[in-house]
Amino acid sequence: MRKILLMALALAPVLSYAQGFQVNLEGEKQIGMGHTGVGQAQDGASIFFNPGAVAMLQQNYVQAGISPLFYKSDFNLSGTATQNYNANKIATPFTGYAVWGPKSGTWKLGFGVYTPFGGLTDWGTSWPGKYSLESLDLKAIYFQPTLSIRLTKFLSIGGGFVYNHGSVDLTEAIPLSNSSGQDGQAELKGSGKGYGWNAGIYIKAGKELTIGLVHRSKVNTTISNGDAIFTVPASLQSSFPQPNTFNATIPLPATDAIGFGYNPCKNWTVALDVNLVNWSVYKDLAFDYKTNSPQLQDTDQPRNYKNAVAIRGGAQYKYKDNWAFRFGGGYASTAVNDGYVTPEAPDANRVYGTLGAGYTMSKHLDIDVSFEYEHLMQRTQTNTYSNLSGTFKTNVYIPGISLAYHW
Amino acid sequence: MKNLRKYIYVVAGLLLLSACKPEISTVKPSKGNADFSNYIAVGNSLTAGYADGGLYLAGQENSYPSIIAKQMLAVGGGEFKQPLFSADQANGSGYLKLTGFTATGSPITTPVTTNLAVRGQISVPGFGNVTLYSKYTGGEFNNLGVPGIKLQQIMYAPYGNLNGYFERMLGQPAPNNTETYLDFVTTGRKYTFFSNWLGNNDALGYATSGGAGDVLTDKAVFEQLYTVMINAMTANGQKGVVGTIPDVTAVPYFNTVTVGAILAGVQKANPTVQSIYINALVSGTTTYAPRAATAKDLIVLTFPTSQIGTLVSTPYGTLPYGLTPYTPIDNQYVLDDAEVAMTEDYVAAYNNTIKTVAAQKGLAVFDAFTFLNNVKAQGLLINGVALNSNYISGGIFSLDGIHLTPRGYAIVANEFIKAINAKYGSSIPLADISAYGGVKFP
């Protein structure tokens, strides 16, 4: 009769491909120019940026690149003087593209592998927000076969089917201490898939001006039968049935983009892209556990993201045919409304600047390097779901290198 | 060689990147117009860090004054020493440990009886036995909380022989102590800031004994002693913070074993039972009479529910315990409706005194009464942890249902800090609640 009823815990894993996770690292040449690429036909990365431009590529390409990403967040719990940093972990967004078509033919085939969304963050097991998130490793790898056709000398179109292989590994603390005072642990780990498409139009509007339009569709990614591992004190384990699995669906938003490339003179290219990212599809995040208990209920947290805009600009200067120097920058508005900021990607409005350089060896091999610095504005928030109240500030540093063989 | 050098450059570059951490400029800690260099804490078991029905080292280390003092370090706070039990006597007085649950989900608690600091026992004529604990020999200390002490006892000279926790702080072994608690706190002690959370036991002693084993401290006596105490503590212009007395009905000690739950348990075995009976105070009198219990009557956490329905021989025959007006539940287990009302009336008067005296002296006030009633009504959601006033599952109260868990004490420490900051214009940083644990489960 002195029965205690453990209340349903606020065990509500946070998991989102917030804008912090739209990694925008799909080609070193394009990164160097501030992530522009919709309105240009630079190389095989057009498979991602604008499949319509692929048919306008002068050559065939096989290329690969990697952009190690250093995501450095700082958190200050409201009212305290302590700062918590996420651990130094390096995410590795990568790209691989292949483009082939008959010489001076009107069509090209392409295949792209790239990582448009992903996140790697580790706040450790002793920070104030540990009951919301300890660590998260989230990956989305898109595979995209592509066909692009040149309709006229100045107009080409293209499209590709997208298969996404997504994976997640998330840990958070459960506020139930064992006899030595350690918190319980939840780990949700699984992989899933989703489908979508990517299509674009590319226009040579004049000698100096190129224009691109592209739509990258929403990709609903469903993680099914992921492992839900709960480590709690033995006397409470029956409240957290094991083994257990979970299902969750995360929509990766559609992007509409328009881009311009402008060649004022032989050596210079200037580019401008505007992206509208349709984050408003991300209304809620539901976790459905296979085996429930009074303490382990399915959760459905509101997310209520809003659409976000990114404006990007960049330029390239060609030097002696085989050198290229690039710079760029941009601004992206946050998708996360006030009250919904969570520690897995403490999102905020952001600005960034990029630098890049490329060298072409023996006319066939491009070596490109890029560097990006991204700054997320300081944002002080109280999360409506967890009441975690504090200030986040994030800097991101992304060096990158790619090799492209073309013939 | 050339490649090696390149490699070094790359590594150096990466190291440079890892060094570029973002910085948030946090609120600049400030002591405002108070001086926290020597802080002392005055109070009872809550101040001492009592938890799980005992005083032990781990509880002392998480006492709310020690948490406040830790946070005060950022604003010029000094060393805060506590009369800690030694490591080999870490279990102090002994305490309750949660060791499992019954098939029906009731918690099983087991007393910890090893590594105690019990030194012996003396028998005080006219009072009873007093358990004595190993004397604290580490010199001056700042946490002066004495478990069990009432405000009513602060000027009672023999008290140092009647309370083993106080006795261990004093120089002499019982029964030779003659220093009152008030003198102990104020005489010759240098301090610049104090907290005072005395007075709970003046009501709680009565309430936890079901209104049977203790009495409420007279309101006028409370007012007189509280005034004397605060006058003495502020004699040299010291600043401080005081706490009000929680509503006794806000703690799980009185809200866990309910009349409804007992009745439901009985009805499972015998559906014809309509009521359980208690011996209740007749309102407006001092006499007790049996009556059927209602939801407004509070049963204490320690009531042995298995006793219900056991046969008792009475002048009217052999009858089941608790189920007839002739065999009511013993008074000591029940704080009945009228007793609750009386306790609440006294607590309201005590709190009125505390707030009035604090206002006169310009002291900060942590209104524990209001705070804990709000927690009871609405719960708390902090850093993703949902907390409430429920026994064990609520996360705030320890296994005795009255004292707090480390997390509960950290929450209280933050409330004290907020009150101090508001009063003295200081900015003592708050403690991180997530860093303090709740009830430990096996």
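The values are calculated or read from the model by the stated rules, or taken from the named source; none is laboratory data. Note that the structure is a prediction, hence the values are computed from the model and not measured. Cβ placement follows ideal geometry from the backbone for every residue including glycine, while neighbour counts extend to all protein chains displayed. Protein only, heavy atoms only, side chains kept; ligands, DNA and RNA dropped before computing areas. Shrake-Rupley method; radii C 1.70, N 1.55, O 1.52, S 1.80 Å.
From the phi of every residue in the range A:77-88, what ³J(HN,Hα) in whole Hz does the Karplus formula 6.51 cos²θ - 1.76 cosθ + 1.60 yield, where θ is phi - 60° and glycine or proline is x?
With the stated coefficients, the range A:77-88 comes to 5, 3, x, 9, 10, 8, 10, 10, 10, 6, 6, 6 Hz.
For every other residue with a beta carbon closer than 14 angstrom to the beta carbon of A:Asp338, add +1 if it is Lys or Arg and -1 if Asp or Glu, then tell me the sum. Kindly include the intermediate steps, with their values, before the conclusion.
Details: positive: A:Arg303, A:Lys306, A:Arg379; negative: A:Asp347.
Here the count lands on +2.
Quote the accessible area belonging to A:Trp268 in square angstrom, nearest 10, computed with a 1.4 Å probe and with ligands, DNA and RNA left uncounted.
Its accessible surface works out to 90 Å², give or take rounding.
If I ignore ligands, DNA and RNA and count only protein heavy atoms, how much of A:Leu403 is accessible to a 1.4 Å probe, in Å² to the nearest 10?
90 Å²
When all alpha-carbon pairs of chain B are counted, what percent fall beyond 31 Å?
Of the Cα pairs, 47 percent sit more than 31 Å apart.
Could you work out the helix-only [θ] at 222 nm for chain B, with each DSSP H run of four or more residues adding -39,500 (n - 2.57) and the total divided by the number of residues, to the nearest 500 deg cm²/dmol?
After summing the helix terms and dividing by the residues of chain B, the value is -9500 deg cm²/dmol.
Can you give the net charge of the other residues whose Cβ lies under 13 Å from the Cβ of A:Asn76, counting K and R as +1 and D and E as -1?
Combined, the nearby Lys, Arg, Asp and Glu give +1.
For the protein assembly as shown, with the dipole built from +1 on Lys and Arg beta-carbon atoms and -1 on Asp and Glu ones, taken about the Cα centre, which of A:Tyr385, B:Val340, B:Gly105 lies farthest toward the positive end?
Looking along the dipole axis, the top candidate is A:Tyr385.
Under 13 Å from the Cα of A:Lys393, which aspartates and glutamates turn up, not counting those fewer than eight places away in the same chain?
Leaving aside aspartates and glutamates fewer than 8 places away in the same chain, those within reach of A:Lys393 are A:Asp74, A:Glu344, A:Asp347, A:Glu374, B:Glu23.
May I have the convex hull volume per residue, in Å³, for the Cα set of the range A:158-226?
In the range A:158-226, the Cα hull volume divided by residue count equals 126 Å³.
Straight-line reach from B:Lys97: which aspartates and glutamates have a Cα under 20 Å away, not including same-chain ones fewer than 8 places off?
A:Asp183, B:Asp52, B:Glu61, B:Asp88, B:Asp400
Between B:Ala103 and A:Val281, what is the label-to-label distance in nm when each label sits 7 Å out along the Cα-to-Cβ direction?
5.3 nm
Per the 1.4 Å probe, what fraction of the accessible area of the range B:229-269, in percent, lies on carbon and sulfur atoms?
Of the solvent-accessible surface of the range B:229-269, carbon and sulfur hold 52 percent.
From largest to smallest, what semi-axes in whole angstrom does the range A:105-202 give when each is the square root of 5 times an eigenvalue of its alpha carbon gyration tensor? Intermediate results must be reported in sequence, preceding the final value.
Values: eigenvalues 428, 25, 12 Å².
Ellipsoid semi-axes (Å, largest first): 46, 11, 8.
Quantify, in whole percent, the carbon and sulfur part of the accessible surface of the range A:270-407 (1.4 Å probe; protein heavy atoms only). Before the final figure, lay out each step's value.
Values: 3480 of 5710 Å².
Percent of accessible area from carbon and sulfur atoms in the range A:270-407: 61.
Tally up the carbon and sulfur contribution to the accessible surface of the range B:274-425 as a whole percent, 1.4 Å probe, everything protein left in place.
So the carbon and sulfur contribution to the accessible surface is 53 percent.
Report the antiparallel proportion of the DSSP beta bridges in chain B as a percent, rounded to a multiple of 5.
65 percent
Under the rule of at least 5 residues apart or a separate chain, name every residue whose amide H is placed under 5 Å from the amide H of B:Leu323.
Hits under the 5 Å cutoff: B:Tyr277, B:Gly309.
In whole Å, largest first, what are the principal axis extents of the Cα atoms in the range B:353-400?
40, 25, 16
Assuming R0 = 22 Å, can you tell me the calculated FRET efficiency for the pair B:Lys219 and B:Gln360, based on Cβ-Cβ distance, to the nearest 0.05?
The value I calculate is 0.80.
Based on alpha-carbon positions alone, could you give the equivalent ellipsoid semi-axes of the range B:38-118 from the gyration tensor, as √(5λ), descending, whole Å?
Details: eigenvalues 176, 46, 18 Å².
Square roots of five times the eigenvalues give 30, 15, 10 Å.
Can you tell me the FRET efficiency between A:Asp300 and B:Gln307 if r is taken as the Cβ-Cβ distance and R0 is 56 Å, rounded to the nearest 0.05?
Efficiency at R0 = 56 Å is approximately 0.80.
Chains A and B: how much accessible area gets covered up at their contact, both sides added, probe 1.4 Å, in Å² to the nearest hundred?
4100 Å²
Using unit Cβ charges (K, R positive; D, E negative) and no other charged atoms, how large, in debye to the nearest 20, is the dipole of the range B:146-244 about its Cα centre?
Values: 6 positive and 7 negative charges, 68 e Å.
Dipole magnitude for the range B:146-244 comes out near 320 debye.
Leaving out ligands and nucleic acids, note down the accessible area per residue over the protein assembly as shown with a 1.4 angstrom probe, in whole Å².
On a per-residue basis, the protein assembly as shown sits at 39 Å².
How long are the three semi-axes of the equivalent ellipsoid of the protein assembly as shown, in whole Å, if each is the root of 5 times an eigenvalue of the C-alpha gyration tensor, listed from largest down?
68, 31, 21
Please turn the phi angles of the range B:315-322 into ³J(HN,Hα) values with the Karplus equation 6.51 cos²θ - 1.76 cosθ + 1.60 (θ = phi - 60°), one per residue in order, whole Hz, x for glycine and proline.
In residue order, the calculated couplings are x, 9, x, 8, 10, x, 5, x Hz.
Is the range B:262-403 best put as rounded, prolate or oblate by its Cα gyration tensor, with a ≥ b ≥ c the root eigenvalues, rounded for a/c under 1.5, and otherwise prolate when a/b is larger than b/c, oblate when not?
Oblate shape, in that a/c is at least 1.5 and b/c is the bigger or equal ratio.
Decide, for the range B:120-250, between rounded, prolate and oblate: order the square roots of the alpha carbon gyration tensor eigenvalues as a ≥ b ≥ c, take rounded if a/c falls under 1.5, and otherwise choose prolate if a/b is larger than b/c, else oblate. Walk me through the intermediate numbers first.
Numbers: a/c = 1.77, a/b = 1.03, b/c = 1.72.
Judged from the Cα gyration tensor, the range B:120-250 comes out oblate (a/c at least 1.5, b/c at or above a/b).
Over all distinct alpha-carbon pairs, what is the Kirkwood Rh of chain A in angstrom?
Across chain A, the inverse of the average 1/r is 22.2 Å.
What longest range of chain B stays clear of loop-exposed GluC sites (Glu not before Pro) (DSSP non-H/G/I/E/B, at most 13 other C-beta within 10 angstrom)?
In chain B, the maximal stretch lacking such sites is B:141-442.
Heavy-atom accessible surface, probe 1.4 Å, ligands and DNA/RNA ignored: which residues of the range B:408-442 lose at least 40 Å² versus the isolated chain?
B:Leu430, B:Asp432, B:Ser434, B:Lys440, B:Phe441, B:Pro442
Between the helical axis of B:337-361 and the dominant principal axis of chain B, each derived from Cα atoms, what acute angle in degrees is found, rounded to the nearest 10?
30 degrees
What residues does the range A:72-93 have that are buried by at least 20 Å² of accessible area in the full protein assembly compared to the chain on its own, 1.4 angstrom probe?
Hits at the 20 Å² cut-off: A:Lys72, A:Asp74, A:Asn76, A:Leu77, A:Gly79, A:Thr80, A:Ala81, A:Gln83, A:Tyr85, A:Asn88.
In whole Hz, with x marking every Gly and Pro, tabulate ³J(HN,Hα) for the range B:268-282 from phi via Karplus 6.51 cos²θ - 1.76 cosθ + 1.60, θ = phi - 60°.
4, 7, 9, x, 7, 5, 9, 8, 10, 10, 10, 9, 10, 5, 7
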